[in-house]
Structures are given as structure tokens and as C-alpha cells.
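Encoded as C-alpha cells, the structure appears first; notes follow it.
The values are calculated or read from the model by the stated rules, or taken from the named source; none is laboratory data. Because the structure is predicted, anything quoted here is derived from the model rather than measured. Every residue, glycine among them, receives a Cβ derived from its backbone with ideal geometry; neighbour counts consider all protein chains shown.
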Ligand code: WAQ
Ligand code: MG
């Protein structure tokens, strides 16, 4: 097997006041997929992300990589829309109406907000059952962390340039995650805003309408984030299979096949010169 076709999953998590297992405060996490020659810069980037974070200085960090044995699937990024709102109230009303448009019952939406209002610590995503509004992931854990997804920077840069969006790495990471998660038929919608006190933009994502950014979903300074996957249990084998998809199936985002086609064309052109 050629080395450049071997990929590695790289994961980082950082906490303050001890490790996550010891009850430390979650500071930052990161998930990437890179070939062997990018492992060193990738681990340096993840270390930097966790070391200089608006949630505070970590006193625990874990960075690990492992070779991916599973076949990598390539997925196009969800289409993006933006809603500029003038307050958190407007932003949250927009989020609720998008969730309704995705097919979630109003009572289920209310129950999910009730669940998150009672949470203190979250390191991953919560699952809410679209049939009952009940939490489905293990409540003694702090959510399920999705991993094994990435969007190579060159392809992301072409994409953001084409759509005249600022090449915001945070959006790259969130859109990558949302694309992977909504690719599973059981994910009806995702609702998210950051736990970083300096970042108030969030989104609702679904296969139905893509990744809809909302300019303000919380007040500046707020450290409580949110990530909810609204799931239809009838569209999954069982919860373990769903978690297995989220945590082990490698997904790379690829916007333009033509980028590669263009490159090979220009190389062919050069060869012909
Ligand atoms: N898997 C599951 N949950 C995660 C993951 C993951 N890989 N990463 C983060 N979370 C959860 C976790 O509970 C965090 O506390 C919460 O989400 C927020 O994470 O401008 O930056 O990384 O388009 O702070 C969205 C808007 C930004 C971007 C979201 O989230 C844009 C963001 P953060
Ligand atoms: Mg964060």
C-alpha cells in the first residue's frame, strides 16, 4: 500500500483542574484526519489550539493519533446560509423555526432546551429523540465526541473564496462536523453554538436546508455551549451503530472534484508544451 493513501486520525482534548475523567473543566478539543507527513504540524496546531484558548489555560492535555483502517468516504460540504439577527432572542427564535422546518415537533424542541438548561458541563454532543424529546446518550457522560472528520485546507480555501466567505477555521471545523453528522439518515437536525465566551455565532444544520448560520445565539462572555443532535431512532440499527458511525467512520470533506481535474489538466497542458 502506498504511504500517501494511509490516513491517521488525530485527536486532542484539553481540560483545567485535572483531566476530563477527574472532573476538570473542558477547555478545548480537536479532531483531524491527515497523512503521515502532516502528523507533526497537525499535532502542533492542535496543541496550540488547546494551549491558547479563551476558556482558559489547560493543566491537562491529551493528543493521540492512530492509523485509520476503515475506508475514507468523501462528502461535499452542506450548502451554507446566513441569518443576521439583532439579539439572542431573535437568534433563538430563528433556530427554533429552522428546527421546526426540519420536522422537529415544537414540544420536542422545548424539551431539548429544558435538557440543556440543566447541564453544567458538556464536552461532546447530546442526542435528543425526535419521537419523545428524551435525551438518548448516556447522561453520566458529557456528550458524545464526533471524530475522524476533516476538510483539507486547500479545498476549504477554494470553497470559501468561491462563496466569498471569510476563511474562518472555526466554521471549517463546524461545517465539517455538521456535514458528517447530517450525512447519517438518523440525524434529522443539529443545533449548535460555541462554549467559547468570545464566539456567539451558531447554527442549525440538516440535510433539508444545509448549514444555516445564525449570527447570535448567546450573549458575549457566556461559557455555556450547546450541541444537540436530533435523532430518529427508527432510522438507525441501534444507538451503538450510530455512535460507531460518528466516532469511527472516517469522512473527508471535498468540495471540488474539478480542483483535481483542473490540476491534472494543467499538468497535461504543461507536459504537452
Ligand atoms: N463532537 C461532538 N461535540 C462536540 C465536538 C465534537 N467533535 N466538538 C465540540 N463539541 C461540542 C462540545 O460540547 C462543545 O462544548 C460544543 O460542542 C461547542 O464546541 O461561524 O465553535 O468547538 O459558522 O466551541 C459554530 C459556528 C461554532 C461557526 C461552534 O463550537 C460558524 C463551535 P465549539
Ligand atoms: Mg469550544
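One table, with the values for the structure above:
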item	result
Matching residues, segment 76-86, being surrounded by 11 or more Cβ atoms within 10 Å (Cβ to Cβ) and away from ligand 1 (no atom under 16 Å from the Cβ)	76
Test: residue in segment 191-202 that is more than 16 Å from ligand 2 (Cβ to nearest atom), surrounded by 21 or more Cβ atoms within 10 Å (Cβ to Cβ) and in contact (Cβ under 8 Å) with a residue 24 or more places away in the chain	no
Wholly enclosed helices (runs of 4 or more DSSP H) of segment 166-273 bearing at least 1 residues at pLDDT 95 or above and touching a helix residue (DSSP H, G or I) at 6+ places or on another chain (Cβ under 8 Å)	169-183, 239-248
Subset of segment 9-50 (residues that are part of a strand (DSSP E or B), crowded, with 17+ Cβ neighbours inside 10 Å and more than 16 Å from ligand 2 (Cβ to nearest atom))	9, 10, 33, 34
Flag for residue 175 being buried (at least 22 other Cβ atoms within 10 Å of the Cβ), more than 15 Å from ligand 1 (Cβ to nearest atom) and in contact (Cβ under 8 Å) with a residue 40 or more places away in the chain	no
Residues satisfying the stated conditions in segment 214-236, i.e. within 24 Å of residue 105 (Cβ to Cβ) and away from ligand 2 (no atom under 16 Å from the Cβ)	214, 229, 230, 231, 232, 233, 234, 235, 236
Criterion: crowded, with 22+ Cβ neighbours inside 10 Å and under 16 Å from residue 76 (Cβ atoms) - qualifying residue of 180, 208	180
Residues being closer than 15 Å to residue 210 by Cα and within 15 Å of ligand 2 (Cβ to nearest atom) - total across segment 157-172	2
Residue identified as within 27 Å of residue 7 (Cβ to Cβ) and surrounded by fewer than 22 Cβ atoms within 10 Å (Cβ to Cβ) among 239, 246	239
